[in-house]
Amino acid sequence: MNLLLIRLILFAVIFIAGLKLYRMYREWKLDREGPSEGDNAQGNRMVRCSWCQVHLPEDDALRERGDWFCSGDHRDKYLAELKEEEKEKQEQKADKWEQKQQDTKDEQNDKRGD
Ligand SMILES: [Zn+2]
């Protein structure tokens with residue numbers, strides 16, 4: 001019974017060691033092959049379109065304000081939506097400001113009423 005357990009543990013240890021060795025070998029291989037494909041890999045860095053979430057090579061992507069886009073069309077749409085959001089925020093701020101003005105007027109009226 002003990003022998004079986006020892007064998008099992010030994011097998012597990014060998015299995016894990018093999019897995020680690022395999023990973024190390026793969027990393028070593030990648031490191032070695034890296035330089036020869038370095039230029040290619042750099043040119044083919046994948047980025048994501050901020051509008052449709054599609055992944056594409058950096059070379060084919062358009063960059064705007066730190067965001068990537070797959071086409072000028074999507075860039076325009078994204079920027080248009082950004083502007084729209086900014087407008088809405090500004091309008092909300094304006095609304096709040098007006099509301100405040102109205103409140104202070106009401107308070108003043110209340111004081112006069114007393
Ligand atoms: Zn897109």
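None of the figures in this text is laboratory data; all of them are computed from the coordinates on show. Small disclaimer: the values here were computed from a predicted structure and weren't measured. Glycine also receives a Cβ, built like all others from the backbone with ideal geometry; neighbour counts cover every protein chain displayed.
Brief remarks follow.
- A simple count of charges around GLN99, restricted to other residues whose Cβ falls under 11 Å of its Cβ and scoring Lys, Arg +1 and Asp, Glu -1, yields 0.
- Put simply, the C-alpha atoms of the chain give a gyration tensor, and the ellipsoid matching it has half-axes of 62, 31, 10 Å, longest first.
- Relative to the longest principal axis of the Cα atoms of the chain, the long axis of helix 72-113 lies at roughly 40 degrees.
- Degrees separating the helix 2-43 axis from the principal Cα axis of the chain, which is the longest one: 60
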